[in-house]
Amino acid sequence: MIMITNSAQMHFTKLLSTQKNGTQIRVFIINPGTEIAECGVSYCSPETIEETDTELKFSQFSVFIDENSHPYLQDAEIDFVTDAILSQLTLKAPNAKTPKINSNSPLIDKVKHILQTKINPKLAHHGGGVSVINITDEGYAILKFRGGCNGCSMVNLTIKEGIEKELLTQCPELKGIQDITDHQYGKHSFY
């Protein structure tokens, strides 16, 4: 699940040697599955361990992960890098911002997932992005563009031929999409 390099394990062991006996490491994600997800590492005292935590045992310590963070830390890696200027602990969690969805997930979560994993990586090449604001009672996804997409002359084509087709294919319960962006052309616009 989480790969912790030997240098990071040695770093954690050194840090833990200065803490109260029984203190371990906690790895967590704040706002998992969202665009503002942030990864963190902290000390974990024995009294803060929950029954629902996952424990990963290493030779000198254990790492505890709360149940909300657990699915988002798949393929995560913690490393401790030292060079001539500084030493730095790095935590890479490629799935931290990806919403976890299944067939029972709410429609808005499915739309967020598609936008985040399939649409926004393409729009990012042009300095833009799109977010879902709401799903109407009638089944329309309300979208808002940002960055280079705001004011781009190709936005209508992008909506109809790209985003709407993808969303309707992946979420047949949707009736369509509506764009609420005020598309004023500016220096930020892609075209």
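The values are calculated or read from the model by the stated rules, or taken from the named source; none is laboratory data. For clarity, every value in this text was computed on a predicted model and none was experimentally measured. Methodologically, a virtual Cβ is constructed for each residue, glycine included, from the backbone with ideal geometry; neighbour enumeration extends over all protein chains shown. In case anyone asks, the SASA skips ligands and DNA or RNA and just uses the protein heavy atoms, side chains included. Shrake-Rupley method; radii C 1.70, N 1.55, O 1.52, S 1.80 Å.
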### Message
Quick check on Ile2: is it aliphatic (A, V, I, L, M) and closer than 30 Å to Thr117 by Cα?
### Response
yes
### Query
Among all residue pairs at least 6 apart or on different chains, which show Cβ distances below 8 Å where the first residue, located in the stretch 101-120, is not assigned by the TED database to the domain that holds Leu174 and the second is open to solvent by less than 50 Å² (accessible area, probe 1.4 Å) and of a type in the set (D, E, K, R)?
Ile101/Lys110
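Do you know which of the residues in the stretch 154-174 that are free of Cβ contacts under 8 Å to residues at least 24 places away in the same chain and among the β-branched types (Val, Ile, Thr) is most open to solvent (accessible area, probe 1.4 Å)?
Step one: list which residues in the stretch 154-174 are free of Cβ contacts under 8 Å to residues at least 24 places away in the same chain, which gives 156-157, 159-161, 164-165, 168-169, 172.
Subset that is among the β-branched types (Val, Ile, Thr): 159, 169.
Details: Ile159: 18, Thr169: 104 Å².
Filtering first and then ranking leaves Thr169.
Looking at Lys160, Lys97, can you tell me which residue is closer than 30 Å to Asn6 by Cα and outside the structural domain of Ile29 (by the TED database)?
Numbers: Lys160 fails: closer than 30 Å to Asn6 by Cα.
It is Lys97.
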### Message
Could you check the stretch 96-153 and list, in sequence order, the residues that are on the phi > 0 side of the Ramachandran plot, open to solvent by 30 Å² or more (accessible area, probe 1.4 Å) and in a loop (DSSP other than H, G, I, E, B)?
### Response
Gly127
### Selection from the stretch 1-56 of residues that are assigned to a strand (DSSP E or B) and out of contact with any helix residue (DSSP H, G or I) (no Cβ under 9 Å at 6 or more places or on another chain)
Met3, Ile30, Glu38, Gly40, Ser42, Cys44, Glu55, Leu56
